[in-house]
1. If you check E173, E184, E154, which single one turns out to be away from the ligand (no atom under 16 Å from the Cβ) and over 21 Å from P87 (Cβ atoms)?
2. Hey, can you tell me all the residues within the range 150-164 that are assigned to a loop (DSSP other than H, G, I, E, B) and touching a Ser or Thr at 6+ places or on another chain (Cβ under 8 Å)?
3. Under 6 Å between Cβ atoms, which residue pairs at least 6 apart in sequence (or on different chains) link something in the range 97-125 that is closer than 21 Å to Q63 by Cβ with a partner that is among the aromatic types (F, W, Y)?
4. Conditions: (1) within 16 Å of the ligand (Cβ to nearest atom); (2) surrounded by fewer than 19 Cβ atoms within 10 Å (Cβ to Cβ). E72 meets all but one. Number of the miss?
5. Enumerate the pairs (first residue in the range 180-206 and without any contact (Cβ under 8 Å) to a residue 40 or more places away in the chain; second residue anywhere and surrounded by fewer than 16 Cβ atoms within 10 Å (Cβ to Cβ) and of a type in the set (K, R)) with beta-carbon separation below 8 Å, excluding pairs fewer than 6 apart on the same chain, so at least 6 apart or on different chains.
6. List the number of the failed condition for A85; all other conditions in (1) touching a residue at least 40 places away in the same chain (Cβ under 8 Å); (2) more than 16 Å from the ligand (Cβ to nearest atom); (3) of a type outside the set (S, T, N, Q) hold.
7. Scanning the range 176-207 for residues that are of a type in the set (A, V, I, L, M, F, W, C) and touching a Pro at 6+ places or on another chain (Cβ under 8 Å), which turns out surrounded by the most Cβ atoms within 10 Å (Cβ to Cβ)?
8. Using beta carbons and a limit of 7 Å, which pairs, at least six apart or on different chains, have the first residue in the range 12-40 and touching a residue at least 24 places away in the same chain (Cβ under 8 Å) and the second one charged (D, E, K, R) and more than 9 Å from the ligand (Cβ to nearest atom)?
Amino acid sequence: MPSTLVEADSVVRRNALRLLTQHGVFKLGEFFLKSGQRTPIYIDMREAFGHPALMSVLCKAMQHMIERVQKEKPYRGIVGVPYAALPYATILSQYTLQPLIIVRKEAKSYGTKKLIEGACEPGQRVIIVEDVVVSGESLLEVITTLRKNDVVVEDVFCLFDRDQGGKKNLADEGVTLHSLLNMETALAFLYAVDRLTQEQFDDIVTSLHLPFKELTKIDVNWEMEEQQ
Ligand SMILES: O=C(O)c1cc(=O)[nH]c(=O)n1[C@@H]1O[C@H](COP(=O)(O)O)[C@@H](O)[C@H]1O
C-alpha cells in the first residue's frame, strides 16, 4: 500500500479519496495540462467547491498536516495561489486563525497597485497553499514574488501532487512540498474500487513518465471510516 495510506492519519486520506471520486474530481479521458502535455487523467479539484462537506474534510486534513509540519516552525500568514486554491486558503486561514494573504498574477493598474494583498511584512515567514501541483511552476511564480519582497517561504502545502517533478523543482529552490494526496495513492485507490483498469494505469504511467511502474494493490472499499 502507498505509504501515505498507511500513516497514522491515513483514515482522513482514504475518506477524502472516497469523496473526491464520488464527486467526479478524477477525470479519465483526453486532457491537456497547463504545459500543453497530453494527459489521460485530469485532477479537477474545483469540483469540490460544490460540496461543502468535502471542502471541510479536505481543509481539516490540510490543517492537521500544516500544524504537524509547522509545530517547531512558527509562521504568520497563509498564501493562496490564484485562483483555484483561494477557497482552501480562505477556509484554512479561519481554521488556523492565520491571516490570509493573496499574491496576484498581475498588479492592478488602479488603487494600491499592490501584487501582495493582506498582512505581509518583509522578514515574515508564510506558508503557501495550492490545490494541484504538476511542475510547481505556478508555485514558483508566487514564491519569486514573495521573496522579492523579502517574505520567507520554506514550506508549501498542496491537496494533490501529480508526481510529475514539482517536488524536486521546489526542493531545488529550497522549498519543501507537503502533499495530502498524490498520483500513486489516487491510482491505487481508483483501481481498488474498480474505477481504473490495468490498461488505463499503464497508459497514465507511460504518458506522464511517472516515477513508479507497478500498480499497488490495496484493500479498500467505499465505506467511509470513522475519524478520531
Ligand atoms: O493544467 C494542469 O497542469 C493541471 C492538471 C491537473 O490535473 N489539475 C490541475 O488543476 N492543473 C492545473 O495545473 C496547475 C499547476 O501546474 P504547475 O504550475 O505545473 O504546478 C494548477 O494550478 C491547475 O490549474
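1. On the way: E173 fails: away from the ligand (no atom under 16 Å from the Cβ); E184 fails: away from the ligand (no atom under 16 Å from the Cβ).
Of the residues listed, the single one that is away from the ligand (no atom under 16 Å from the Cβ) and over 21 Å from P87 (Cβ atoms) is E154.
2. Going through the range 150-164, the residues assigned to a loop (DSSP other than H, G, I, E, B) turn out to be 150-151, 162-164.
Across the range 150-164, the qualifying residue is only Q164.
3. Filtered contacts from the range 97-125: R125/Y75.
4. The failed condition is (1).
5. Here the result reads Y191/K217; A192/K217; V205/K213, each pair linking the range 180-206 to a residue that is surrounded by fewer than 16 Cβ atoms within 10 Å (Cβ to Cβ) and of a type in the set (K, R).
6. Unmet for A85, out of (1) touching a residue at least 40 places away in the same chain (Cβ under 8 Å); (2) more than 16 Å from the ligand (Cβ to nearest atom); (3) of a type outside the set (S, T, N, Q): (2).
7. From the range 176-207, those of a type in the set (A, V, I, L, M, F, W, C) are 177, 180-181, 183, 186-190, 192-193, 196, 201, 204-205; that's our starting set.
Going one step further and asking which of them are touching a Pro at 6+ places or on another chain (Cβ under 8 Å), we end up with 188, 204.
Numbers: A188: 23, I204: 18.
Of everything passing the filter in the range 176-207, A188 is surrounded by the most Cβ atoms within 10 Å (Cβ to Cβ).
8. R14/E225; N15/E225; T21/R195; H23/E47; R38/E30; P40/E30; P40/D203
The values are calculated or read from the model by the stated rules, or taken from the named source; none is laboratory data. Predicted model, so just to flag it, every value in this text is computed and none were measured. Counting neighbours? That spans all protein chains shown, and the Cβs are built from the backbone with ideal geometry, glycine included.
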